[in-house]
Amino acid sequence: MRDFSGDIQWLSINTATVRKQWTLDQIIEGCARRGIRAISPWRDQVAAIGLDTTARLLKETGVGLSGYCRGGFFPASTAQGLRDALDDNRRAIDEAKTLNAPCTVLVVGALPGALAGKAEYKDISLARSQVQDGIAATMDYAREVGMPLAIEPLHPMQAADRACVNTMEQALDLCDAIDPARTGMLGVAVDAYHVWWDPKLASQIARAGGKRLLAWHVCDWLTPTRDLLSDRGMMGDGVIELRKIRGWMEDAGYAGFAEVEIFSEQDWWLRPGDEVLDTCMARHRSCV
């Protein structure tokens with residue numbers, strides 16, 4: 001397993017980690033100043049300063065991407081809604097390509113309308129079918145432009161509103177169905193917060209192999225957790241065995257970044273951005 005204790009060569013910052021303190025240009029500058037060589041930006045943050053401006057700043061600072069957040073949200077209750085989702089995913093892929101992202105992360109969606117508080121239907125099997133069809137259709141364009149797609153399974157607590165793909169096994173079953181040749185164009189984003197609890201995690205990481213392990217997101221699971229969406233912990237403050245999981249990832253062929261992604265309304269989003277990044281660097285060395 002790689003030794004992270006001496007440097008931050010394989011540290012990436014998902015820009016959600018300091019989204020409440022800094023705009024994207026400030027995040028890029030703060031990372032560049034520290035020698036953090038990769039980020040994973042969110043589309044709304046890119047839109048806020050402009051795609052061209054983002055591309056220019058990345059080029060000027062030498063900061064690259066470990067991924068792009070996000071595509072997905074495929075299910076809909078109408079034919080027009082399904083078409084709109086495909087159009088939006090095509091735009092996400094184009095943005096990711098402009099920024100030279102290695103993959104576009106897919107948070108696949110779930111029951112339409114549930115995120116806004118009123119599900120338009122309750123058939124989760126239908127939602128999962130629409131997810132498979134949506135990814136398959138999106139893959140056609142992704143192959144054309146050469147942009148790999150990374151399915152991110154989310155914790156079952158978010159099965160109704162954000163993602164009806166909740167385990168690595170589900171995500172890899174989709175990969176097998178849509179990309180049986182294992183071309184490298186479809187894989188998974190492994191987020192420790194969402195999958196650490198899964199008793200099949202080790203075997204499914206091994207099943208994925210290097211070609212399908214496209215991203216690795218780290219934070220920690222606090223006990224108690226005060227908010228299931230936005231109370232993620234800094235690495236080392238919770239119960240996730242991050243080094244053990246990274247060992248499984250690297251044994252399976254993963255050699256990319258450890259991307260810190262922390263949503264923290266009651267703690268880390270309240271601290272100065274410089275303090276957050278400095279702590280990410282220290283914990284990357286000591287805990288990841």
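No lab work stands behind these numbers, since they all come straight from the coordinates. Just so you know, these numbers come straight off a predicted model, no measurement behind them. In this analysis, Cβ positions are derived from the backbone assuming ideal geometry, glycine residues included, and neighbour counts consider all displayed protein chains.
Any residue that is more than 17 Å from Asp3 (Cβ to Cβ) and part of a helix (DSSP H, G or I) - is there at least one of those in region 252-267?
no
Met281: part of a helix (DSSP H, G or I) and closer than 30 Å to Arg182 by Cβ, yes or no?
no
For region 42-68, how many residues meet the condition of being without any contact (Cβ under 8 Å) to a residue 12 or more places away in the chain and not in a helix (DSSP H, G or I)?
Adding up the residues that qualify gives 1.
Got a number for residues in region 68-84 being within 16 Å of Glu152 (Cβ to Cβ) and either surrounded by fewer than 16 Cβ atoms within 10 Å (Cβ to Cβ) or touching a Gly at 6+ places or on another chain (Cβ under 8 Å) (or both)?
4
Do you know which of the residues in region 15-41 that are free of Cβ contacts under 8 Å to residues at least 60 places away in the same chain and among the small types (Gly, Ala, Ser) is surrounded by the fewest Cβ atoms within 10 Å (Cβ to Cβ)?
Here the answer is Gly35.
Determine which single condition Asn100 fails, assuming it passes every other condition in (1) assigned to a helix (DSSP H, G or I); (2) at positive phi; (3) not small (Gly, Ala, Ser).
The single condition Asn100 does not satisfy is (1).
Residues to consider are Ala202, Ala136; find the one that is of a type in the set (A, V, I, L, M) and out of contact with any Lys or Arg (no Cβ under 9 Å at 6 or more places or on another chain). Write out each step before concluding.
On the way: Ala202 fails: out of contact with any Lys or Arg (no Cβ under 9 Å at 6 or more places or on another chain).
So the residue among Ala202, Ala136 that is of a type in the set (A, V, I, L, M) and out of contact with any Lys or Arg (no Cβ under 9 Å at 6 or more places or on another chain) is Ala136.
Please pick out the residue among Ala192, Ala202, Ala171, Ala181 that is small (Gly, Ala, Ser), in contact with a Pro (Cβ under 7 Å, 6 or more places away or on another chain) and without any contact (Cβ under 8 Å) to a residue 60 or more places away in the chain.
Ala171
Which residues, counting only those in region 215-238, are over 13 Å from Cys280 (Cα atoms), surrounded by fewer than 21 Cβ atoms within 10 Å (Cβ to Cβ) and either aromatic (Phe, Trp, Tyr) or in contact (Cβ under 8 Å) with a residue 24 or more places away in the chain (or both)?
Trp221, Arg226, Asp227, Leu228, Leu229, Ser230, Asp231
Give region 31-41 a look and list any residue that's within 19 Å of the chain's Cα centre (by Cα) and not in a loop (DSSP other than H, G, I, E, B), or say none.
Hits for region 31-41 are Cys31, Ala38, Ile39, Ser40.
Applying the selection to region 159-190, what residues are closer than 12 Å to Ile135 by Cβ, more than 17 Å from the chain's Cα centre (by Cα) and outside any helix (DSSP H, G or I)?
Listed by number, the list holds a single entry, Asp179.
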